[in-house]
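Encoded as C-alpha cells, the structure appears first; notes follow it.
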Amino acid sequence: MIRGRLILSGIADPLRMLPDLHAVLDVAEVLWTEHMDSEQLDQYNRDMYRPDTIDKASGELIVAPAGFDAEDEMAGFDAFEKMAGGG
C-alpha cells in the first residue's frame, strides 16, 4: 500500500529516490496515522515519542531511549539498507 501511494506520487523507488531513511519513515508514519482520530493519535504519540525523555521547558532531549542514540540509529539504517539491497 505504501509503495503504491509513493508510486502514484512519482516516487517509484523510495529507497533510492528519497534523500534518506528518515524521509521513508516520515512517509510511513503519515500513512499509518492519517486515519486516526485525535485520541488514537495522542496515544500513538505517547507510545512512540516518550515524553519522559523530553525537557518540557526547552523541548530538548534529556536522554535518548535505549537503542535511539545517534550511533544506534545510524547502525539501524545501515542494517535496513543492506537488507533492502542498497549500499
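Amide H contacts of residue 54 (H built 1.01 Å from N, in plane; Pro and chain starts excluded): 62 sit under 5 Å, all sequence-distant by 5 or more or on other chains. Computed from phi, the 3J(HN,Hα) profile of the stretch 25-31 under the Karplus parametrisation 6.51, -1.76, 1.60 (θ = phi - 60°) reads 5, 4, 4, 4, 5, 4, 5 Hz, with x in place of Gly and Pro. Once the Cβ-Cβ distance of residue 37 and residue 5 is raised to the sixth power relative to R0 = 22 Å, the FRET efficiency obtained is 0.55.
Bear in mind that the values in this text are calculations on the coordinates, not laboratory data. This is a predicted model, so every value here is computed, not measured. We place every Cβ from the backbone using ideal geometry, glycine too, and count neighbours over all the protein chains shown.
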